[in-house]
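*Asks:* Let me give you the structure first, and then I'll get to my questions.
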Amino acid sequence: MKKCYINGVGCVSAQKTFGEGFLDEVIVNKDNNVLEISQPDYKEFIAPAAGRRMAKGVKNGIVASAMALKEAGLDQPDAIITGTGMGCVVDSEKFLKAILDNNEEFLTPTSFIQSTHNTVGGQIALGLQCKAYNFTYVNGAVSFESALIDAQLQIDEGEANAVLTGGVEEAGEATMHFLEIKGNIKSKGQTDYDVLTSTSKGSVFSEGAVFFVLSGDKQQTTYAELKDVAIYNVLDKDEVEGKLKDFLKHNNLDISDIDAVVLGYNGDVDFDGYYNELAKNTLSNIPQLYYKHLSGEFNTASAFGLWLASQVVKKQYIPSAVLINSIEKKEYKNIVLYNQYKGKDHSFTLVSKC
Amino acid sequence: MSGRVAITGMGIISSIGTSVEESFNALIHNKPGITAIENIQTIHANAIKVGEIKKTNTEMEQELGLDADNNYSRTAMLGVLAAKQAVQNAGINNINEYNTGIISATSVGGMDMTEKFFYDYFDKEESRKYIDSHDAGDSTHKIAEQLGLKGMVTTISTACSSAANAIMLGARLIKAGKLDRVIVGGTDALSKFTINGFKTLMILSDTYNTPFDNNRKGLNLGEAAAFLVLESDEVVKKQNKKVLAYLSGYGNANDAYHQTASSENGEGAYLAMEKAFKVSGLKPQDIDYINAHGTATPNNDLSEGRALIRTFGTNVPHFSSTKPFTGHTLAAAAAIEAVFSVLALQHNKVFPNLNYKTKMEEFDLVPQTVLMEKEINHVLSNSFGFGGNCSTLLFSKS
Amino acid sequence: MEALKQELKEKIITILNLEDIQPADINDNDALFGDGLGLDSIDALELIVMLDKDYGIKLSDPKEGRAIFQSIETMAAYITENRTK
């Protein structure tokens, strides 16, 4: 199997995840059920004429992808692969509200054409004038992992050498409201927003865009090797450990080879037990990391998790803000990530030092 | 990559039929499914025609035996109906016997329910069950659940080329040995959202759509779902299975020209076809029939026509768009047209491009307008979408 | 007519989200599409809806917009002649 390296990253999130530093100044949420993102200077990346029709999700995607490309020193990727669970929510809501509020009259096309799920991928291609393969995956919490699997397949099969791939999610006002009344988002004014000690259902949400340049070639900017990604639509809690062992075995590793685990804890008392299955048992003796207290939950939040793992492998230290336990290791060689959302769309991702 | 990708099962539901057999009969007997809209209340009802499946949601719920408190969107129900047919057609009894995945495609997902209940969610608790069925992946999860499939489940959404890309990914995963078997296709229900969206772009015809006609006025929207079962050569041999056809090539490229419109020279389409030929090892002269994207919008047919001329020169094979039969079924379009392509191979038939009268002034391309019998060994099928997304699939006789 | 031209400039800037442009930057005879203000086919569709909504003028074929939307001058002239509200 051909190797696949992470050569550039770009991350727009609720934290300051661009520029210098590695989560040494973090904003720990106590008051909000939907986190606001730390906005980059959009004008630095997008010309006003090009950006005038773009909702924030599209802009964030373009900024994150531009950062990743710049870091990797890549002008034209051989493929652009995007993951987004909910798609371009802001324009979808805008168009739908216009239909309902005006009884289908006086509608204009802009929000409709920006509402399709592949708007971000399409706009990145348009901006780069990139005519290459362009896919968008839209499958809940494995939208980003589906994109990773495709990217890895592209590189492994020699269809592409450098792939721009990422996850982007947008928080729309109505959607956030619906998810709150449905109980997926914790209610406003609750007091247990802390992810690890929460005793209620639902989670704190947010939005963001994280892009990576994956390549078959290692270079100076390389963060880590992306070894493998696996997704499962449904798993019972007691199947998680077995699936993890199979996944590692497939990569000629076993539990003792893992130096840290990045878990998708989101504070939902009904489903965080999935993570406990690993954290309290098999993986109790290694450093455990979490991140959704910083990034918030959203369908492609796991891309923030991969951003975190990539940084740890490259920098060889774990910022205290993401540590669950107090275990440290001398070397971070193999890091495994596990994520799921409400018991569905499980994924394992493995990155290694190279 | 190695090995061939066999198609061993198909299922389909569209406005021209609720099974493969019904669809084939409609295609060979010139029976289009374009009508006035019945299931959706819209002020445009008198100004548009649609390819609507004449089943209400309640009828489909009963057909599928769903509980009263189910939260299936119309998109999900159509998808389940088509996917179940495909699995049955492939003679699969134990879905998890081999490493099996499902890759579906949709553009609207659960929008049909969201647009109904958008304001009800605030005060009517009983409607809130549909909040979780809005996202595109939900329809795929429901199909997987109904099939009892545990494993790789994912969804692609690249507007009107979505299902072609789902089929393409499935083929690549099989060739790479990542899956033994995969159910691929797409599903999209009609919705007020898309009707009004295409209306604002002023590309909805007020009458029957007329692909590649000089006086074409735009498209008819439709709804549909279709799935194919793809299996590796190895699995086919092991089970001594009947192969309906082979998926021999695929290509995806981006036009990188405009958010919605296709480029004047059909660059993306040309590149997608070129890639598909490269993957398959086939040459343009090997193609016996082209199932064109042919939406009947002024922009698409001109761009696609030019791309065909660039690819095939003066020898463009017999081609037709089947959208006068079904309407443009968005994310499902490439899936139903994949079924039609396999039927063309199996029965040696070129399906007619209905409603065509006048040659376009820009070039000399004339589609096949009546049913034609000829030896067909290879079919090329195009699908293009917003965001510059262009896809081509090649199907070959088994 | 002058008031209408000013009104159109303001509307175009708001509707099409032309953040960095002021009404005074647009001359009455500047080309709105292509090399001038750089508007495109989607903007034309937006303007068609504006004609309908604000001036009661319905266009059924987007091609009709080409001549009307050449410049602020041509738009104002067309609206003055055809407005129903």
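The values are calculated or read from the model by the stated rules, or taken from the named source; none is laboratory data. Since we're looking at a predicted model, the values are computed, not measured. Glycine also receives a Cβ, built like all others from the backbone with ideal geometry; neighbour counts cover every protein chain displayed. Each accessible area value is taken on the protein alone, full model and side chains, heavy atoms only, with ligands, DNA and RNA left out. Shrake-Rupley method; radii C 1.70, N 1.55, O 1.52, S 1.80 Å.
*Asks:* Are there any pairs, at least 6 apart or on different chains, whose C-beta atoms fall under 6 Å, with the first in segment C:57-72 and touching a residue at least 60 places away in the same chain (Cβ under 8 Å) and the second part of a helix (DSSP H, G or I), and if so, which?
*Replies:* That search, which allows pairs on different chains as well, returns C:72/C:5; C:72/C:8.
*Asks:* Can I ask one more? Quick check: is even one residue across segment B:239-248 hydroxyl-bearing (Ser, Thr, Tyr), out of contact with any helix residue (DSSP H, G or I) (no Cβ under 7 Å at 6 or more places or on another chain) and assigned by TED's automatic domain parsing to the domain that holds residue B:387?
*Replies:* No, the conditions are met nowhere in segment B:239-248.
*Asks:* How do the strands (runs of 3 or more DSSP E) wholly within segment B:245-362 filter down when requiring 3 or more residues that are open to solvent by less than 10 Å² (accessible area, probe 1.4 Å) and touching a strand residue (DSSP E or B) at 6+ places or on another chain (Cβ under 6 Å): which remain?
*Replies:* Filter on segment B:245-362 gives B:245-254, B:289-291.
*Asks:* What are the residues in segment B:154-174 that are at the interface with chain A (Cβ under 8 Å from one of its Cβ atoms) and either under 18 Å from the mean Cα position of the chain (by Cα) or surrounded by 24 or more Cβ atoms within 10 Å (Cβ to Cβ) (or both), if any? Outline the logic, then answer.
*Replies:* Just the residues of segment B:154-174 that are at the interface with chain A (Cβ under 8 Å from one of its Cβ atoms), to begin with: B:154-159, B:165, B:169, B:172-173.
B:154, B:155, B:156, B:157, B:158, B:159, B:165, B:169, B:173 - these are the residues of segment B:154-174 that are at the interface with chain A (Cβ under 8 Å from one of its Cβ atoms) and either under 18 Å from the mean Cα position of the chain (by Cα) or surrounded by 24 or more Cβ atoms within 10 Å (Cβ to Cβ) (or both).
*Asks:* Continuing with the same structure: With (1) within 22 Å of residue B:348 (Cα to Cα); (2) open to solvent by 10 Å² or more (accessible area, probe 1.4 Å) as the list, and residue B:239 as the residue in question, which single condition is left unmet?
*Replies:* Among (1) within 22 Å of residue B:348 (Cα to Cα); (2) open to solvent by 10 Å² or more (accessible area, probe 1.4 Å), the lone unmet condition for residue B:239 is (1).
*Asks:* Residue check, residue B:178 against (1) facing another protein chain (nearest Cβ under 9 Å); (2) in contact with a helix residue (DSSP H, G or I) (Cβ under 6 Å, 6 or more places away or on another chain), all met but one. Which one?
*Replies:* In the conditions (1) facing another protein chain (nearest Cβ under 9 Å); (2) in contact with a helix residue (DSSP H, G or I) (Cβ under 6 Å, 6 or more places away or on another chain), residue B:178 misses (2) alone.
*Asks:* Please enumerate the residues belonging to segment B:374-398 that are within 14 Å of another protein chain (Cβ to nearest Cβ) and surrounded by fewer than 24 Cβ atoms within 10 Å (Cβ to Cβ).
*Replies:* none
*Asks:* Select from segment A:145-176 the residues that are in contact with a Phe, Trp or Tyr (Cβ under 8 Å, 6 or more places away or on another chain), within 11 Å of another protein chain (Cβ to nearest Cβ) and surrounded by fewer than 22 Cβ atoms within 10 Å (Cβ to Cβ) and write down the one among them that is nearest to residue A:347 (Cα to Cα).
*Replies:* Ranking the qualifying residues of segment A:145-176, first place goes to A:159.
*Asks:* Please tell me if residue A:209 is more than 13 Å from chain B (Cβ to nearest Cβ), in contact with a helix residue (DSSP H, G or I) (Cβ under 9 Å, 6 or more places away or on another chain) and of a type outside the set (Ser, Thr, Tyr).
*Replies:* When the stated conditions are applied, residue A:209 passes them.
*Asks:* What about residue A:314, is it in contact (Cβ under 8 Å) with a residue 40 or more places away in the chain, over 19 Å from residue A:194 (Cβ atoms) and surrounded by fewer than 23 Cβ atoms within 10 Å (Cβ to Cβ)?
*Replies:* yes
*Asks:* Going by what's in this entry, would residue B:242 be described as assigned to a helix (DSSP H, G or I) and either more than 30 Å from residue B:177 (Cβ to Cβ) or away from chain A (no Cβ under 14 Å) (or both)?
*Replies:* It is false that residue B:242 is assigned to a helix (DSSP H, G or I) and either more than 30 Å from residue B:177 (Cβ to Cβ) or away from chain A (no Cβ under 14 Å) (or both).
*Asks:* Find all pairs meeting these conditions: Cβ atoms under 9 angstrom apart; at least six residues apart or on different chains; first residue within segment B:1-30 and of a type in the set (S, T, N, Q); second residue open to solvent by 30 Å² or more (accessible area, probe 1.4 Å) and part of a strand (DSSP E or B).
*Replies:* Once the first residue is of a type in the set (S, T, N, Q) and sits in segment B:1-30, its partners that are open to solvent by 30 Å² or more (accessible area, probe 1.4 Å) and part of a strand (DSSP E or B) give B:15/B:35.
*Asks:* Within the bounds of segment A:82-96, is there any residue that is open to solvent by less than 20 Å² (accessible area, probe 1.4 Å), among the aromatic types (Phe, Trp, Tyr) and in contact with a helix residue (DSSP H, G or I) (Cβ under 9 Å, 6 or more places away or on another chain)?
*Replies:* yes
*Asks:* When the residues of segment B:138-148 are filtered to those that are touching a residue at least 12 places away in the same chain (Cβ under 8 Å) and more than 7 Å from chain A (Cβ to nearest Cβ), which remaining residue is surrounded by the fewest Cβ atoms within 10 Å (Cβ to Cβ)?
*Replies:* Among those that are touching a residue at least 12 places away in the same chain (Cβ under 8 Å) and more than 7 Å from chain A (Cβ to nearest Cβ), it is B:148.
*Asks:* Scan segment B:25-37 for residues that are part of a loop (DSSP other than H, G, I, E, B) and farther than 19 Å from residue B:330 by Cα and jot them down. Spell out how you get there, then give the answer.
*Replies:* Going through segment B:25-37, the residues part of a loop (DSSP other than H, G, I, E, B) turn out to be B:29-33, B:36-37.
Hits for segment B:25-37 are B:29, B:30, B:31.
*Asks:* Might you check whether a residue that is assigned to a loop (DSSP other than H, G, I, E, B) and surrounded by 21 or more Cβ atoms within 10 Å (Cβ to Cβ) occurs anywhere in segment B:6-17?
*Replies:* Within segment B:6-17, one or more residues are assigned to a loop (DSSP other than H, G, I, E, B) and surrounded by 21 or more Cβ atoms within 10 Å (Cβ to Cβ).
*Asks:* Still on this model: Can you pull out the helices (runs of 4 or more DSSP H) entirely within segment A:39-131 that have at least 3 residues that are among the β-branched types (Val, Ile, Thr), on the phi < 0 side of the Ramachandran plot and more than 9 Å from chain B (Cβ to nearest Cβ)?
*Replies:* A:56-72
*Asks:* Also: Please enumerate the residues belonging to segment B:108-137 that are among the aliphatic types (A, V, I, L, M) and within 7 Å of chain A (Cβ to nearest Cβ).
*Replies:* B:131, B:136
*Asks:* If only one of B:151, B:177 is open to solvent by 30 Å² or more (accessible area, probe 1.4 Å), assigned to a loop (DSSP other than H, G, I, E, B) and of a type in the set (Gly, Ala, Ser), which one is it?
*Replies:* Matching residue, one of B:151, B:177: B:177.
*Asks:* Considering each residue of segment C:17-43, count those that are open to solvent by less than 30 Å² (accessible area, probe 1.4 Å) and facing another protein chain (nearest Cβ under 7 Å), and give that number.
*Replies:* The total comes to 2.
Residue-by-condition table, conditions (1) touching a residue at least 60 places away in the same chain (Cβ under 8 Å); (2) under 22 Å from residue B:81 (Cβ atoms); (3) surrounded by fewer than 24 Cβ atoms within 10 Å (Cβ to Cβ); (4) assigned by TED's automatic domain parsing to the domain that holds residue B:385:
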site	(1), (2), (3), (4)
B:185	yes, yes, no, no
B:190	yes, yes, no, no
B:199	yes, no, yes, no
B:204	yes, no, no, no
B:207	yes, no, yes, no
B:212	yes, no, no, no
B:215	yes, no, yes, no
B:221	yes, yes, no, no
B:224	yes, yes, no, no
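*Asks:* Still on this structure: Anything in segment B:183-229 that is more than 13 Å from chain A (Cβ to nearest Cβ) and acidic (Asp, Glu)? List them, or say none.
*Replies:* B:206, B:213, B:223 - these are the residues of segment B:183-229 that are more than 13 Å from chain A (Cβ to nearest Cβ) and acidic (Asp, Glu).
*Asks:* For segment A:132-142, which positions are over 23 Å from residue B:194 (Cα atoms) and either more than 7 Å from every other protein chain (Cβ to nearest Cβ) or among the polar types (S, T, N, Q) (or both)? Give the derivation first.
*Replies:* At the first step, the residues of segment A:132-142 found to be over 23 Å from residue B:194 (Cα atoms) are A:132-133, A:141-142.
Passing the criteria: only A:141.
*Asks:* With respect to residue B:234, is the statement that it is over 24 Å from residue B:19 (Cα atoms), in contact (Cβ under 8 Å) with a residue 40 or more places away in the chain and not assigned by TED's automatic domain parsing to the domain that holds residue B:298 true?
*Replies:* yes
*Asks:* So which residues in segment C:59-85 are in a loop (DSSP other than H, G, I, E, B) and within 23 Å of residue B:261 (Cα to Cα)?
*Replies:* C:59, C:60, C:61, C:69, C:70
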